[in-house]
1. Out of everything in region 79-92 that is among the hydroxyl-bearing types (Ser, Thr, Tyr) and more than 8 Å from the ligand (Cβ to nearest atom), what residue ends up being surrounded by the most Cβ atoms within 10 Å (Cβ to Cβ)?
2. Does at least one position in region 59-69 carry a residue that is within 24 Å of residue 201 (Cα to Cα), under 23 Å from the mean Cα position of the chain (by Cα), outside any helix (DSSP H, G or I) and of a type in the set (D, E, K, R)?
3. Might you let me know whether region 196-213 holds any residue that is farther than 30 Å from residue 167 by Cβ and of a type in the set (Val, Ile, Thr)?
4. Anything in region 196-239 that is surrounded by 13 or more Cβ atoms within 10 Å (Cβ to Cβ) and in contact with a Lys or Arg (Cβ under 7 Å, 6 or more places away or on another chain)? List them, or say none.
5. May I ask you to list pairs of residues, at least six apart or on different chains, whose Cβ atoms are under 8 Å apart, with the first in region 143-158 being not assigned by TED's automatic domain parsing to the domain that holds residue 88 and the second being surrounded by 12 or more Cβ atoms within 10 Å (Cβ to Cβ) and among the hydrophobic types (A, V, I, L, M, F, W, C)?
6. Identify, from the list 55, 76, 71, the residue that is within 7 Å of the ligand (Cβ to nearest atom) and out of contact with any strand residue (DSSP E or B) (no Cβ under 8 Å at 6 or more places or on another chain).
7. Being in contact with a Leu (Cβ under 9 Å, 6 or more places away or on another chain) and not hydrophobic (A, V, I, L, M, F, W, C) is the filter here; which residues of region 267-287 pass it?
8. Going by the structure shown, is residue 109 within 11 Å of the ligand (Cβ to nearest atom), under 17 Å from the mean Cα position of the chain (by Cα) and within 25 Å of residue 4 (Cα to Cα)?
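The values are calculated or read from the model by the stated rules, or taken from the named source; none is laboratory data. Since the structure is predicted, the reported quantities are computational estimates derived from the model, not experimental observations. Heads up, the Cβs are rebuilt from the backbone with ideal geometry, glycines too, and the neighbour counts pull from every protein chain shown.
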Amino acid sequence: MKSILSYPDRGKWGNAKYRGNTSGHVIKDLLEHFKPQKFVEVFSGGGTGKDVALDLGITNSVHLDLNTGWDALIDDIPTGSDFVFSHPPYWDIISYSGSMYPGEHHHDLSKNMNYEEFISKLDQVNSKIFTSLLNGGRHAFLVGDVRKKGKYYSIIKDMTWIGDCEAHLIKTQFNCVSDRKIYGNNSFIPINHEHLLVFRKNKIWEVSIKFTRTGDFNLKDFAKITWRDLIQNALESLNGQATLKEIYRVIEGCRKAQNNPHWKEKVRQTLQLHDNFSPVERGLWRLNIA
Ligand SMILES: C[S@@+](CC[C@H](N)C(=O)[O-])C[C@H]1O[C@@H](n2cnc3c(N)ncnc32)[C@H](O)[C@@H]1O
């Protein structure tokens, strides 16, 4: 395998009509590459992994999904193994229970939860998968990114990484529903890839963990911002044009000004020296970026 995967034809395995199904080539390539003794598939969906396993003559594999009565949030992984492939829902992009198969299920990861809850539940499942692995075993995890209401969500960035990341492959996506849509706003870049992460369990007891902290930071509190950047922000917040007094009023509450007794001189000097700022008339300044 190489780090870019591209399978224009999804192959003969599994149910091609099962929404969000993956190409069996991914699973086949992983199994042929790692040659596990025991293969477990979590979120097996339309049966792609099972068909691939049978094709490769693997008869002891295990395939788990809500659609066959196995609930990732409640049930245990029924066996230890040296290889788990998992392909969760991409948050709520496609809804499964009640749409792809009968019955509403309140543990369906594709429904009824906000993004933070989805990530926290996915972490629960991933930790369950990881602890089921034998030492030296691997968890291959396939997921895509999500764009919703103008916001970009990177599931692989937001979830906890459990174990040592051995490989990060990018898989080209074909035949997405979004490919056939025409969007009014075409300034965004459509998502045409998925991520395949391979985590390895390299120690019996110790596990390396990596997680992302998300928060907001006010640039006014940032001591290392430059005077130019600070004044640009101040002018932008004042609709691109402002008097020196108005600029002072914005800047005086900033950490950078509090750290410098000569901050007013610094503001005047920066306005004069930098060609991003130009005087409209005496004491009135404008931001120009063209
Ligand atoms: C992206 S699909 C997997 C597609 C599969 N790889 C294929 O090729 O057909 C995600 C699957 O996660 C399952 N799922 C969602 N929540 C679940 C849960 N709590 N427990 C088990 N499976 C769940 C859905 O039923 C769905 O089949």
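1. By that ranking, first place goes to 81.
2. yes
3. Within region 196-213 (the criterion being farther than 30 Å from residue 167 by Cβ and of a type in the set (Val, Ile, Thr)), the answer is no, since none of the residues qualifies.
4. 196, 198, 199, 200, 220, 222, 225, 227, 230
5. Listed pairs, sorted by first residue: none to list.
6. Only one candidate passes the filter, namely 71.
7. Within region 267-287, 268, 270, 276, 278, 279, 283, 286 meet the criteria.
8. No, not satisfied.
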